[in-house]
1. Suppose accessible area is computed on protein heavy atoms with a 1.4 Å probe; arrange S159, S128 from highest to lowest.
2. Rank Y89, Y109 by accessible area, highest first, at a 1.4 Å probe radius?
3. Among bridges DSSP assigns within the chain, what percent are antiparallel (round to 5)?
4. Which of the listed residues, M280, A291, G257, is farthest toward the dipole's positive end in region 249-298, when Lys, Arg count +1 and Asp, Glu count -1 at the beta-carbon?
5. Starting with the highest mean, order 329-341, 137-149, 204-216, 224-236 by the number of other Cβ atoms within 10 Å, averaged over the residues of each peptide.
6. Placing unit charges on C-beta atoms (Lys and Arg positive, Asp and Glu negative, everything else neutral), compute the dipole magnitude of region 58-141 about its Cα centre in debye, rounded to 20.
7. If you wrap a convex hull around the alpha carbons of region 169-308, what volume per residue comes out, as a whole number of Å³?
8. Relative contact order for the chain using alpha-carbon pairs under 8 Å, separation at least 6, rounded to a whole percent?
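The values are calculated or read from the model by the stated rules, or taken from the named source; none is laboratory data. A quick note: this is a predicted structure, and the numbers were derived from the prediction, not measured. Quick reminder, even Gly has a Cβ in these numbers, built from the backbone with ideal geometry, and neighbours come from all protein chains shown. We work out accessible area using only protein heavy atoms, side chains counted, and drop any ligands, DNA or RNA first. Shrake-Rupley method; radii C 1.70, N 1.55, O 1.52, S 1.80 Å.
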Amino acid sequence: MKKRKFGLALSVVLAAGTLLGACGSKDDTTKGDKEDNFSLAMVTDLGGVDDKSFNQSAWEGIQKFGKDNGMKKGDGGYDYLQSASSSEYNTNLTNMNRRNFDLIFGVGYLMADAVKEVADQKPDTNFSIIDATVDAPNVASILFKEQEGAFLAGVAAASVTKSNKIGFVGGIDIPVINRFHAGFVEGVKAVNPDIKVDVQYTGAFDKAELGKTTANRMFTTGVDVIFHAAGATGNGVFTEAKERKAKDPNANVWVIGVDADQYKEGQVNDKTNVTLTSVMKRVDVAVQDVAKQAKEGKFPGGETLVYGLSDNGMALADSHGAISDETMKKIDDFAKQIADGKIKVPEKVEKKK
């Protein structure tokens, strides 16, 4: 598997930027036509385009690219189709192809089979899959080292917990979420191996009610920090924490967001917020980078692009003062060790013997 690295935005709340790097290439003789008439679209995974997380980050990247390049929403510009169920993946990808978009993103691991099938049927259209690999010359695969960003979140959680009980709420039990899970547990362990981490997978990315009930059980048992990697299901984790904080301003409850900066999701009132930080995957910037290359006739088809701390692909969002300066220094030190290769964060949780 060929891997390429790009600079994204490192550390705490960084602005998205355009990434540069050497590229795989198509025939540059078509470059002018591509630049003049280029269009792009995406098909969401479950959870919707406004999931305040993964799908939304990808859509924001497409919108920014479109606006920066004078494009309009709709045919011939940029657009999206929302998947209400997995049965719609193939149909939505095919519909976008029929509308003649030059580059079509499939957002999420669960769309890998559909992207592969449609890409094989439509070899003249470029596709990109996020969070999975598809072996096809007209597909660019985008992966992230989620475990590295999650490790830093684990350090943050372990540094602020008062109960020594921390929670992880995952969506579906798949490799992407396993990487978040593994990294988070390792980060907690690096600070205090005696802290208990309650791990629960809800089995869904689009069920806020499951996130809420899972968070309720955790908080009730004494957990005071929950990291969710569950898409829109995680919105329920925020809801539960906010309700508890609104009822009891002294309640020690925190939520760590995922994929995008979810600070706004934790707003209880104008003085109170339950978001400790968020593990940001620069999906928006990755989308813009691949789109830029495709527009210039240099689409990295057949390649896998991997984003991690060493090339600034993961980041922690601004804690707005919730994390102390002392802890931030600790987090920065761990980040440097990971980026330098001194700490290798596992992608899977080691099973107890």
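1. Largest to smallest exposure gives the sequence S159, S128.
2. Y109, Y89
3. Expressed as a percentage, antiparallel bridges in the chain total about 10.
4. A291
5. Descending mean neighbour count gives 224-236, 137-149, 204-216, 329-341.
6. My answer is approximately 340 debye.
7. Hull volume over Cα atoms, normalised by residue count, gives 132 Å³.
8. RCO, the chain: 25 percent.
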